[in-house]
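The structure under discussion appears below in the form of structure tokens.
The values are calculated or read from the model by the stated rules, or taken from the named source; none is laboratory data. No experiment lies behind these values; they were computed from the predicted model shown. Positions of Cβ are backbone-derived with ideal geometry, glycine not excepted, and every protein chain shown enters the neighbour counts.
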Ligand SMILES: Nc1ncnc2c1ncn2[C@@H]1O[C@H](COP(=O)(O)OP(=O)(O)O)[C@@H](O)[C@H]1O
Ligand SMILES: [Mg+2]
Ligand SMILES: [Zn+2]
């Protein structure tokens, strides 16, 4: 007898429906699975066979052929164990179920018949729902994730025997329900707040500008000056994530197997801070069994590269394109995967090798200082709009008991500036100032005569490089938006020029 049940595979951060077909025929007993990579087949067979036997069910001594369709897609993961087992049991009449085709099954089996969670449940549950499936059977640990999908009936099962009991109608499983959208609405908490940062007004302001226009930023300062502390607080002043953004962030973490247990939805913006010893694959994604990299885990949030110059040069180079496009593309033998990667990049840097330039403690000579910063990769630096120098926090600021401005206040201003940009770029395919190309810069960053004179003067006096020109205009646009000003005024321009200190001092 032939039996078909549905399951789901993953490609990038999206699922696709897989049909598990089992044919049982008389003849030499055997167990054949087609449509999976070899190594996965071997392991899956073992688990399915043992799980069935250890569930007081019968593993048929017949010719069993299981086909996973579509056959031409490379399927990864162990989530097909459960549907394979269910399909064998159904093909051998070990349970009766009138509405089997309404279900989808996703789960790994352990040898004793227990159902184990798999990575990527959220995107698979979303796909199932989109394909018209309304009932999902999975492990208890995966229930929280699937429950994010409104309209999907989630049936968490502990053992394979529970699944059979449910399908039979003998021991129905309770559906798992959670009102995620309500939960999402009542969230919005970060542990950190900008109010914790004393003094450092210029740095906080620079990050406010960065957040307002979606500009990448580089902080240059001595150890202990508060760079890490300040970077950590950037997500708290970015606009709140929308439900759809939260879904997408959660999908990426789900696929990477990094969703904290008992989490249905990631509601706060990610902050990722990979160590500088990270490999390029871990940074941008890929690998034999492809996984999203840090740049995708930071999607809709912040990627913080602490001590930028310590990172391997080739690792930084491969980030350029994703930072530009907002996606990572990974080529595989018979497919191309994409992972989203729309993050803000914040990097930190010591000002010199010893770390203490320009204070008296610095033991480097001027040449060494220059050489140190020249190690910065030009093309990556091209992706960074804002440079900000972080001086050690002043003693009188540290001593000051008054709390600083809260993240919420700053975020309100950021939101207003973003709203202006959304309206300006409606129908233009971009949504914030940092994304403006040369054409839009000409169109939206017009200067008056006085402002032109200031910019010209700055170029001549400070010896700014050509690359600084458009960046200054984009930044001035953001600063004007924060100010609610349609025109870019002198004061906006003057502030923007300050954020290009590397063009001025060290870069040639
Ligand atoms: N402006 C500040 N306000 C309050 N605490 C600060 C400030 N700057 C630094 N600190 C304290 O110093 C510690 C070290 O700062 P950190 O962010 O690690 O510096 P960096 O990353 O520049 O080396 C912080 O954890 C914090 O406790
Ligand atoms: Mg640090
Ligand atoms: Zn030094």
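At a glance:
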{"read-out": "All positions within segment 320-332 that are in contact (Cβ under 8 Å) with a residue 40 or more places away in the chain and within 13 Å of residue 286 (Cβ to Cβ)", "value": "328, 330, 332"}
{"read-out": "Residue list for segment 420-439, restricted to those being in contact with a helix residue (DSSP H, G or I) (Cβ under 9 Å, 6 or more places away or on another chain), free of Cβ contacts under 8 Å to residues at least 60 places away in the same chain and part of a helix (DSSP H, G or I)", "value": "424, 438"}
{"read-out": "The one condition in (1) away from ligand 3 (no atom under 16 Å from the Cβ); (2) closer than 30 Å to residue 359 by Cα; (3) touching a residue at least 40 places away in the same chain (Cβ under 8 Å) that residue 222 fails to fulfil", "value": "(1)"}
{"read-out": "Scope segment 378-390; condition surrounded by fewer than 17 Cβ atoms within 10 Å (Cβ to Cβ) and over 13 Å from residue 216 (Cα atoms); matching residues", "value": "378, 379"}
{"read-out": "Within segment 356-396, tally of residues that are more than 27 Å from residue 316 (Cα to Cα), in contact with a helix residue (DSSP H, G or I) (Cβ under 9 Å, 6 or more places away or on another chain) and more than 11 Å from ligand 3 (Cβ to nearest atom)", "value": "0"}
{"read-out": "Scope segment 196-253; condition away from ligand 2 (no atom under 16 Å from the Cβ), part of a loop (DSSP other than H, G, I, E, B) and more than 24 Å from residue 492 (Cα to Cα); matching residues", "value": "198, 240, 241, 242"}
{"read-out": "Extreme residue, farthest from residue 229 (Cα to Cα), among residues of segment 305-320 that are away from ligand 2 (no atom under 16 Å from the Cβ) and surrounded by 16 or more Cβ atoms within 10 Å (Cβ to Cβ)", "value": "318"}
{"read-out": "Residues that are part of a loop (DSSP other than H, G, I, E, B) and either outside the structural domain of residue 294 (by TED's automatic domain parsing) or more than 16 Å from ligand 2 (Cβ to nearest atom) (or both), drawn from segment 325-351", "value": "326, 332, 333, 334, 335, 341, 342, 343"}
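Here's the yes/no breakdown for (1) touching a residue at least 60 places away in the same chain (Cβ under 8 Å); (2) not in a strand (DSSP E or B):
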position: 3; (1), (2): yes, no
position: 8; (1), (2): yes, no
position: 15; (1), (2): yes, no
position: 22; (1), (2): yes, no
position: 31; (1), (2): no, no
position: 42; (1), (2): no, yes
position: 64; (1), (2): no, no
position: 74; (1), (2): yes, yes
